[in-house]
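Input: a single structure, listed below in C-alpha cells.
The values are calculated or read from the model by the stated rules, or taken from the named source; none is laboratory data. It should be emphasised that the depicted structure is a prediction, and the values quoted were computed from it without experimental measurement. Note that each Cβ is placed from the backbone with ideal geometry, even for glycine, and that neighbours are counted across all protein chains shown. Heavy atoms of the whole protein, side chains included, go into the accessibility calculation; ligands, DNA and RNA do not. Shrake-Rupley method; radii C 1.70, N 1.55, O 1.52, S 1.80 Å.
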Amino acid sequence: MNQAYNPQSFQYDIAQNPGARPARDVAVSFKGLSKTYKMDRVEVPALKGVSGSIAKAATTFITGPSGSGKSTLLNLLGLLDRPTDGEMEILGEDVTKLTDKQAADFRAQHIGFVFQSFNLIPVLSLRENVEFPLLNRKMSWASRKTRALEYLEAVGLGDFVDRRPGEISGGQRQRVAIARALVSEPTLLIADEPTANLDTKTSREIVALMDRIKVELNTSVVICTHDTDLITPGSAIINIVDGQTAGEY
Ligand SMILES: Nc1ncnc2c1ncn2[C@@H]1O[C@H](COP(=O)(O)OP(=O)(O)OP(=O)(O)O)[C@@H](O)[C@H]1O
Ligand SMILES: [Mg+2]
C-alpha cells in the first residue's frame, strides 16, 4: 500500500512529531518536471525542473510573464503533452507511466480543459457542443442531452441552447467552453488564459463561475492568467518565471 495513504503510518508520524500537521489533500503533485521542445536543430527548454502540487477542491492560479512556460505546464498537467523529464501523479496515479491510449482515457475520465480561444465547433448548437465529450460514453441519447442542458443551465445559458457559437458573445462562448469541460464531471478543471479575450467585468464573472464550481462539484481548478487582479483571495498561486517556479503561495 502507498505509505502516503496509510492512515496507520500517518498517525504514527503525528505521534513521532507532535508539531506535524496533516498534509493538505493533493489532487496533483509534480516533481522535477521538464519540457524541452525540439525544432529542427534548435532546442527550447520551456520548463526546467518544476516541482509543486495542486490541492484538491481548491483553486490554484498559475502566473508568470509571457513565454515563462505556463501553457507548457498546463498542457503537461492536462495530459495534452508529455514531459521530457520528471514525475507527476494525478489522483494518486503515476501518469508519466501511462501509454498514449491510457493517458487519453484518463484525460477523458478525469480532466476538463478550457482553452483561451474557446475551441467550440461552429456548425453545432451550444447543446451539441457541450454534449460532444459524452459521445463515446455509454449513455443514452436522452441522458446525454439532459446532462448537457443541465450544465448550460448552470453557466447561465439555459435560454441559448439551440444557438450556434457565432450567435452569442465572447463571454457566453467561454461559458459554453466551461460547460463542455465540466459535462464529463472531471476531478480536475484546467483553464489556460480563459479570460484573455474578454473584458474585465466578464473576466471576473468567468473566474467567479469557476470558483463556484470548485465548491459545488468538489473540483480542483487550475487557472493560468496574466492578470493578477483576477486572483481570488485564499487561492493558491504558482508563479513561473523562465521555466522555473519562482514562488508557491
Ligand atoms: N510547440 C512549441 N514548440 C517550440 N517552442 C515552444 C512551443 N510551445 C512553446 N514554446 C516555447 O516555450 C516557451 C514557453 O512557452 P509557453 O507557451 O509555455 O509560455 P506561456 O508562459 O504560456 O506564455 P504566454 O503567457 O505568452 O501564453 C517559450 O519560449 C515558447 O516560445
Ligand atoms: Mg500561454
Computed over the chain: relative contact order in percent, which uses C-alpha pairs under 8 Å that are six or more apart: 27
Accessible area of segment 3-248 divided out per residue, in Å², using a probe of 1.4 angstrom: 52
Segment 173-207-segment 113-158 distance, computed between alpha-carbon centres (Å): 13
Cα→Cβ-extended label distance, 7 Å offset, between Leu217 and Asp81, nm: 2.5
Residues of type lysines that Lys101 reaches as a straight line, Cα spacing below 29 Å, ignoring anything fewer than 8 places off in the same chain: Lys31, Lys35, Lys38, Lys48, Lys56, Lys70, Lys138, Lys145, Lys214
Calculated Rg and Dmax of segment 3-248 using C-alpha coordinates, Å: 19.0, 62
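For Thr202, Thr84, give the ranking by accessible area with the largest first, probe 1.4 Å.
On the way: Thr202 25, Thr84 75 Å².
The residues order as Thr84, Thr202, largest area first.
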For Ile237, distant residues with modelled amide H under 5 Å away: Phe61, Tyr249
Carbon plus sulfur fraction of accessible area for segment 3-248, probe 1.4 Å, in percent: 49
Placed amide H near Gly112: partners under 5 Å, 5+ positions off or other chain: Leu188, Leu189, Ile190
Charge dipole (the chain, unit charges on Cβ, about Cα centre) - positive-most of Thr72, Gln174, Ala236: Gln174
In Å², nearest 10: area of Met139 left accessible to a 1.4 Å probe: 50
Aspartates and glutamates whose Cα lies under 17 Å from that of Lys97, excluding same-chain neighbours fewer than 8 positions away: Asp81, Asp85, Glu87, Glu89, Asp105
Cα-centred dipole magnitude for segment 169-211, charges only on beta-carbon of K, R (+1) and D, E (-1), debye, nearest 20: 160
Unit charges on C-beta of K, R, D, E only; dipole of the chain, Debye: 380
Under Karplus coefficients 6.51, -1.76 and 1.60, residue-wise ³J(HN,Hα) of segment 125-131 in Hz, glycine/proline x: 5, 4, 4, 5, 4, 6, 5
